[in-house]
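What follows is calculated from the coordinates using simple rules that are stated; it is not laboratory data. Values in this document were obtained by computation on a predicted structure and should not be read as measured data. Positions of Cβ are backbone-derived with ideal geometry, glycine not excepted, and every protein chain shown enters the neighbour counts.
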Amino acid sequence: MAKKQLKIKLLPNGEIKMETVGIKGKKCLDCVKLMEILADAKVEKQELTKEYYEQEDTQTYYNETKQNIKFN
């Protein structure tokens, strides 16, 4: 699986540039939203890469448990 990264540049004028690498599909937009919250900033310009249009990497985990539950 490809390494997932956020590349963040802080410019002298206070501008923040962010690039996602290895994050496919719409999950990259979640990273953008998080960055907006953390930096208390708003996106002024956004360019979608080819990875945005690729199928998201998904993983499914199963956890099998046995439980005895008694209701009163």
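Some notes on this structure:
- A simple spin-label model places the labels of K42 and D30 2.6 nm from each other, with each point 7 Å out along Cα-to-Cβ.
- In straight-distance terms, cross-link reach from K7 covers every one of the aspartates and glutamates whose alpha-carbon lies under 20 Å from its own, apart from those fewer than eight places away in the same chain; here that gives E15, E19, D30, E36, D40, E44, E47, E51, E54, E56, D57.
- Amide H within-cut-off set for I23, under 5 Å, with H built and near neighbours excluded: Q5
- Each of the peptides 17-29, 40-52 was scored by the mean count of other Cβ atoms within 10 Å over its residues; in descending order, highest first, they stand as 17-29, 40-52.
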